[in-house]
Amino acid sequence: MKLAFFDTKSYDRSSFEPLAAEYGVEIHFFDTKLSPDTAPLAHGCDAVCVFVNDNVNAEVIDILYEGGIRLICLRCAGYNNVDLTHAFGKIHVVHVPGYSPYAVAEHAAALLLTSVRRIHKAYNRTRDYNFSIAGLEGFDLHGKTVGVVGTGKIGRVFIDICRGFGMKVLAYDKFPAKDSGIDYVDLPTLFRESDIISFHCPLTDETFHLFDGKAVEQCKKGVILVNTSRGALIDAEALLDGIKARKIGGACLDVYEEEGDIFFEDRSGHIVDDDVLARLISMPNVIVTSHQAFLTQEALSNIATVTYENIRDFAAEGFSANELCYRCGRIDHCRKEGRERCF
Ligand code: NAD
């Protein structure tokens, strides 16, 4: 099996290369992202391996298909960057769900604590031998209400962490988990009653700008937002307006709506063209990390192993529980229930 590996970073090589021979995979690493311009690089391979900001739209899928590619391996859980409808019947798509919900949930908690206790400010002060603590006042998480949007694998781990802090948890999910003991409410109620809101649902047409200007109005004054899911769940301009109006008390962003050409790259020394991002970063109550919530040793190791297992299952023409198609979860009697491929 020949695999064209796009958007390669040093940590990808470290986790994928040692296992390649064991799974009989020949990897061609490309630094560039997958796009219509770069898709022909994969010709001659059997599969491509892509990450969150690779563009797998209809045009790219057609180029890959013409070049003989029959498998797209997402080395991530989210799949909003793949046109699953267009891929159906042509190229199978597999992903890596739940490689470490702890990695992402713990990063969300780390961002929240950093923001609430002003750790980012204190770190800079003490490095400059400034030991003043004036202006670093935070608040107790204990007794506060956290609203969790999306109670899947990551959302549930985050809920457990919050309960450990003695917080009250409210949640919204399109498909509430039965008998979970989670207190589900509708979105406006969650926005109205939460001191902290954390996003853990996928980005879909339905969840695009789920947090918009109207949501800002509904929120408590001083609410802290945490987004480790996908940037476009939050309307970044509405967020900025909410911060400038002193309505939003803090934002912890591991993802950003327009992160595609910016995150994962060293842009120091460059002029940032994105005024909204530049303004957000300039705010004392905004913390941005560049989509690193997944980046733990355990997660990287699981991502590599499950990706190779997905390839092995595909090569053996077997069933893969990790296959995705546009019908998954939407139709009754899905082929996967009979342990068959999506097409
Ligand atoms: P999951 O599939 O286990 O859970 C997603 C939950 O969202 C499910 O309970 C689902 O019912 C719910 N949901 C679906 N549509 C919804 C809607 N319209 N409104 C509200 N809830 C809805 O996924 P997960 O493993 O918990 O991951 C959640 C998201 O985290 C992924 O989609 C991905 O975008 C993001 N993620 C980010 C990183 C990172 O490094 N920052 C890493 C992994 C995953």
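Annotations
- A single entry from 48, 56 fulfils the requirement of being among the hydrophobic types (A, V, I, L, M, F, W, C), in contact with a strand residue (DSSP E or B) (Cβ under 7 Å, 6 or more places away or on another chain) and more than 22 Å from residue 262 (Cα to Cα): 48.
- Selection status of residue 279, of a type in the set (Lys, Arg) and assigned to a helix (DSSP H, G or I): yes
- Cβ-Cβ under 8 Å pairs, at least 6 apart or on other chains, segment 108-120 side polar (S, T, N, Q), far side open to solvent by 10 Å² or more (accessible area, probe 1.4 Å): 114/120; 114/287; 115/285; 115/287
- Each residue in segment 107-137 was checked for being in contact with a Ser or Thr (Cβ under 8 Å, 6 or more places away or on another chain) and open to solvent by 70 Å² or more (accessible area, probe 1.4 Å), and 0 pass.
- Once segment 214-252 is narrowed to residues that are part of a strand (DSSP E or B) and more than 16 Å from the ligand (Cβ to nearest atom), the residue that is nearest to residue 97 (Cα to Cα) is 224.
- Filter result for the condition that a residue is assigned to a strand (DSSP E or B) and either surrounded by 20 or more Cβ atoms within 10 Å (Cβ to Cβ) or free of Cβ contacts under 8 Å to residues at least 60 places away in the same chain (or both), over 161, 197: 197
- Some residue of segment 255-264 being closer than 28 Å to residue 10 by Cβ, among the charged types (D, E, K, R) and away from the ligand (no atom under 16 Å from the Cβ): yes
- Lone qualifier among 91, 63 - being in contact with a strand residue (DSSP E or B) (Cβ under 7 Å, 6 or more places away or on another chain), away from the ligand (no atom under 16 Å from the Cβ), over 23 Å from residue 255 (Cβ atoms) and free of Cβ contacts under 8 Å to residues at least 60 places away in the same chain: 91
- In segment 133-151, the residue that is farthest from residue 173 (Cα to Cα) out of those that are within 16 Å of the ligand (Cβ to nearest atom) and part of a strand (DSSP E or B) is 146.
- Among residues of segment 164-184, those that are part of a loop (DSSP other than H, G, I, E, B) and either surrounded by fewer than 16 Cβ atoms within 10 Å (Cβ to Cβ) or basic (Lys, Arg) (or both), counted: 11
This table checks each residue for (1) of a type in the set (S, T, N, Q); (2) over 30 Å from residue 223 (Cα atoms); (3) within 16 Å of the chain's Cα centre (by Cα).
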{"site": "282", "(1), (2), (3)": "yes, no, no"}
{"site": "292", "(1), (2), (3)": "yes, no, yes"}
{"site": "296", "(1), (2), (3)": "yes, no, yes"}
{"site": "303", "(1), (2), (3)": "no, yes, yes"}
{"site": "326", "(1), (2), (3)": "no, yes, no"}
{"site": "341", "(1), (2), (3)": "no, yes, no"}
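The values are calculated or read from the model by the stated rules, or taken from the named source; none is laboratory data. Remember, predicted model here, so these are calculated numbers, not experimental data. Note that we place each Cβ from the backbone using ideal geometry, even for glycine, and neighbour counts take in every protein chain shown. Side chains are part of the model used for accessible areas, which takes the heavy atoms of the whole protein and leaves out ligands, DNA and RNA. Shrake-Rupley method; radii C 1.70, N 1.55, O 1.52, S 1.80 Å.
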